[in-house]
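The values are calculated or read from the model by the stated rules, or taken from the named source; none is laboratory data. The structure presented is a predicted model; accordingly, all values stated were derived computationally and were not measured. So basically every Cβ, Gly included, is an ideal-geometry build from the backbone, and we count neighbours across all protein chains shown. Ligands, DNA and RNA are excluded from the accessible area calculation, which covers all protein heavy atoms including side chains. Shrake-Rupley method; radii C 1.70, N 1.55, O 1.52, S 1.80 Å.
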Amino acid sequence: MIDYEKELNSEQLDVVTAKEGPILVIAGAGSGKTRALTYRVAHLIEQGTEPEHILLATFTNKAARSMLSRVETLVDVDLGRLWGGTFHHVGNRILRRHAGLLGYERSYSIVDAEDSRQLLNTCIKEFGIHTADGNFPKPNVLGDIISLSSNTRIKTEDIIANRYRSFSHCITDILKVALRYRIRKRELNVMDFDDILINWCELLTGFPDIRDEYSEKFHHILVDEYQDTNIIQAEILDLLAGYHKNLMVVGDDSQSIYSFRGANFANIIRFPEKYPDAKIFKLETNYRSTPEILHFANMSIENNSRQFQKELRAVRRKGVRPVFVPVRNVLQQADFVAQRIIELVDKGMPVGEIAVLYRAHYHSMELQMELVRRGIPFEIRSGIRFFEQAHIKDVTAFMRIAANPLDELAWKRVMKLYDKIGEVTAGRIWNSVSSHDDPIAFVFSDEFLECVPRAAVPGIRRFRDTLEDIMDLSATNALTEITGAILNGGYRECVETKYGDTASREDDLKQLSNFSSRFGSLEEFLSDLALMTNITEEEPYRTEDNNYKVVLSSIHQAKGLEWSVVFMIWCSEGMIPLARALREPGGEDEERRLFYVATTRAKDHLYFCHPLVNRTGSGWNRDTAPSRFIAELAPSDLEPEELPFDQWVVR
């Protein structure tokens, strides 16, 4: 048995051993919420709850793996029976059983953002709409509009009126394309990332017997990062918790910063209203930061009106106060940050323990240039993720055809890899394939070869051989051999002619093959791959290589991470808070929460840089005021920079 009193502090112990019923845990930054959640799961199992009756919902696969791994070290139970993972992972698992009730085949494909854009583009073209002149949103923008509408349940026309006013003149056409997009997904037996939540919720609301089945099944539901849930996720949780009422949600209202993705701040704020008998616990003991940094963070967030009152308390001993650094302009800001990084490293600070945070990506431009000039290694939290790279998507498209022959997007992507086949011919081939009741049988017939250009026949014969290999390997679950079969079937030559870094891309594909060994079927592999592609901030940043790099990150991407030293640049009014964000309802409060998130990333040293003068687009210099989030605090909360005043400040 676990000695909970020895392993946990008193706040965590209260959470872990709480009696049944709805529970809200307000977990402050660095307060050990993951520890509380994992020990809660272990405690439930020790008290007799079977793992298959526990649902642990997270926002990233990494968080789920971490928690389940910790639980495994605590209790000797097969946790393969426990329902743990992201909302989309759990939703996909349930939909695979019941998709037929919603008009889908169980073999439906999950399309990622790029595939979604391609399908939207097809729908736009079907109506003869042109996007080149800028009078109609391009597929990626239209996808954002549709997604935000789906996740917030706000009408598309209202989303456009509030956030995309330049497209107000074409609302009718946008609604037509959006409707066509939904219809086409049904026809192709595919779901996008948002559909998983929407269809899961529809399944639970439209089929009471299914809702009752899972509501009775899950005796305990535990949710991480509840402040980031959207309105659909909250409704799903309420439906699943309807029978046993044992819903524990853990989050921090002060770190709710994703409204632009559809996260609903009201979910956590109104939880006690929804569940009047809910017990509320607070985790306020912080193990990360110095008392001075926490005092600053507490004073800052205190100015928000709608919140659960809490005060982070430090375990650590006294440190140094956060430092306020007014500088002449952004160039001297970059100069200061680079110089101070060098000084810190010279004093023994590991490079990987230093981060520079900013509200918007473009804020880092001058600093990037200065770090390059000084030879300081740095990593920017941006770029294409592994599973979104073109060669990875090419290979998985072959697999998707084998798993779901009705996947039009995969067909068109694969066909265009072969010589003499372009957009038009790929579409013609797809039309022929989709017109047959048994697409796979048609592909292996002589009739199939007649619908491709004569010059393309040799390549298509190789495609058929490759597809046959994939299907044979899939049947025996030899997933690690599928990537090699695709490479040997002609894709290796495609990589060599299409890309310059052939060796590097082949190494990527080898890693993809290794990754596939974790899964029991091709369908499971493709589902998880698509889900991971859609989830942001999945990959751990602290790899061996980037331990030796300064991290440059937006505040949003820094959430959940920590460094010994944090520089926050552009602490000017209009930059943090961002001017356009202040025009949104609740914008100032959310910007202050962003500021709070940034401050609580720092363990030992925290710097705020404020350029006194900014160059505008017209070339004129403009005085800037310090961020209101700094100006509203007492001077005693900050330490002025100790360098000679006239070195940095306009006299």
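Residue-wise test of (1) within 24 Å of Ser517 (Cβ to Cβ); (2) aliphatic (A, V, I, L, M); (3) open to solvent by less than 80 Å² (accessible area, probe 1.4 Å).
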position: Met415; (1), (2), (3): no, yes, yes
position: Gly427; (1), (2), (3): no, no, yes
position: Trp430; (1), (2), (3): no, no, yes
position: Met471; (1), (2), (3): yes, yes, yes
position: Ser474; (1), (2), (3): yes, no, yes
position: Ala485; (1), (2), (3): yes, yes, yes
position: Tyr491; (1), (2), (3): yes, no, yes
Exercise. In the list Gly48, Gly30, Gly100, which residue meets the criterion of being under 18 Å from Val250 (Cα atoms) and among the small types (Gly, Ala, Ser)?
Worked result: Gly30
For this session: Could you give me the residue pairs with C-beta distances under 9 Å whose first residue belongs to region 137-162 and is at positive phi, whose second residue is surrounded by fewer than 20 Cβ atoms within 10 Å (Cβ to Cβ) wherever it lies, and which are 6+ apart or on separate chains?
Result: Arg153/Ile231
Problem set entry | Yes/no for Leu561 being part of a helix (DSSP H, G or I), at pLDDT 90 or above and among the aliphatic types (A, V, I, L, M) | no
Exercise. Can you tell me which residue in region 366-404 is modelled with the lowest pLDDT, limited to those that are open to solvent by 40 Å² or more (accessible area, probe 1.4 Å) and assigned to a loop (DSSP other than H, G, I, E, B)?
Worked result: Gly383
For this session: Sort through Tyr226, Tyr181 and tell me the only one that's within 30 Å of Phe136 (Cα to Cα), within 26 Å of the chain's Cα centre (by Cα), at pLDDT 95 or above and of a type in the set (Phe, Trp, Tyr).
Result: Tyr181
For this session: Give Phe336, Phe324 a once-over and let me know the one that is in contact with a Pro (Cβ under 7 Å, 6 or more places away or on another chain) and among the aromatic types (Phe, Trp, Tyr).
Result: Phe324
Seminar exercise, completed: So, first residue over 15 Å from Gln47 (Cβ atoms) in region 1-23, second residue in a loop (DSSP other than H, G, I, E, B) and open to solvent by 70 Å² or more (accessible area, probe 1.4 Å), Cβ within less than 8 Å, six or more apart or across chains; the pairs are Pro22/Lys245; Pro22/Asp277
Seminar exercise, completed: Filtering region 294-329 for residues that are more than 18 Å from Asp253 (Cα to Cα) and part of a loop (DSSP other than H, G, I, E, B) leaves a count of 10
Exercise. Looking at Leu8, Leu74, which one is touching a helix residue (DSSP H, G or I) at 6+ places or on another chain (Cβ under 7 Å) and at pLDDT below 95?
Worked result: Leu74
Exercise. Can you find a residue in region 256-272 that is assigned to a loop (DSSP other than H, G, I, E, B), open to solvent by less than 10 Å² (accessible area, probe 1.4 Å), at positive phi and touching a residue at least 40 places away in the same chain (Cβ under 8 Å)?
Worked result: yes
Exercise. If you check Cys201 against the conditions, is it modelled with pLDDT under 95, outside any strand (DSSP E or B) and open to solvent by less than 40 Å² (accessible area, probe 1.4 Å)?
Worked result: no
For this session: State which residue is nearest to His436 (Cα to Cα) when the search covers only region 183-198 and only residues that are of a type in the set (A, V, I, L, M) and outside any helix (DSSP H, G or I).
Result: Val190
Exercise. Quick one: would you say Ile440 is aliphatic (A, V, I, L, M), more than 14 Å from Asp394 (Cβ to Cβ) and part of a helix (DSSP H, G or I)?
Worked result: yes
Exercise. Among the residues of region 403-451, which ones are under 25 Å from Ser521 (Cβ atoms), among the small types (Gly, Ala, Ser) and more than 28 Å from the chain's Cα centre (by Cα)?
Worked result: Ser434, Ala441
Exercise. Does Gly48 satisfy being open to solvent by 50 Å² or more (accessible area, probe 1.4 Å), part of a helix (DSSP H, G or I) and small (Gly, Ala, Ser)?
Worked result: no
For this session: Quick one: in region 24-63, of everything that is in contact (Cβ under 8 Å) with a residue 60 or more places away in the chain and among the β-branched types (Val, Ile, Thr), which residue is nearest to Asn230 (Cα to Cα)?
Result: Thr58
Problem set entry | Long-range neighbours under 8 Å by Cβ, at least six apart or interchain, first residue closer than 25 Å to Arg492 by Cα and among the aromatic types (Phe, Trp, Tyr) within region 379-391, second exposed (fewer than 15 other Cβ atoms within 10 Å of the Cβ) and at pLDDT below 70 | Phe386/Glu539
Exercise. Do we have Arg580 as within 20 Å of Ser259 (Cβ to Cβ) and modelled with pLDDT under 85 here?
Worked result: yes
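A quick yes/no check of all residues on (1) over 20 Å from Lys412 (Cα atoms); (2) touching an Asp or Glu at 6+ places or on another chain (Cβ under 8 Å); (3) open to solvent by less than 50 Å² (accessible area, probe 1.4 Å); (4) not in a strand (DSSP E or B):
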position	(1), (2), (3), (4)
Tyr104	yes, no, yes, yes
Ser116	no, yes, yes, yes
Ile129	yes, yes, yes, yes
Asn140	no, no, no, yes
Ile154	yes, no, no, yes
Ile160	yes, no, yes, yes
Lys176	yes, no, no, yes
Tyr181	no, no, yes, yes
For this session: Can you tell me which residue among Ser150, Ser166 is small (Gly, Ala, Ser) and open to solvent by 50 Å² or more (accessible area, probe 1.4 Å)?
Result: Ser166
For this session: Specify which of the listed residues (Ala334, Ala360, Ala355) is surrounded by fewer than 18 Cβ atoms within 10 Å (Cβ to Cβ) and touching a residue at least 24 places away in the same chain (Cβ under 8 Å).
Result: Ala360
Exercise. Of the numbered conditions (1) over 20 Å from the mean Cα position of the chain (by Cα); (2) in a helix (DSSP H, G or I), Ile232 satisfies every one except a single condition; which is it?
Worked result: (1)
Problem set entry | Only listed residue being over 30 Å from Asn9 (Cα atoms) and at pLDDT 90 or above, chosen from Lys347, Lys318 | Lys347
Problem set entry | Long-range neighbours under 7 Å by Cβ, at least six apart or interchain, first residue in contact (Cβ under 8 Å) with a residue 12 or more places away in the chain within region 402-427, second part of a helix (DSSP H, G or I) and acidic (Asp, Glu) | Ala403/Glu523; Leu409/Asp115; Arg413/Asp394; Leu417/Asp394
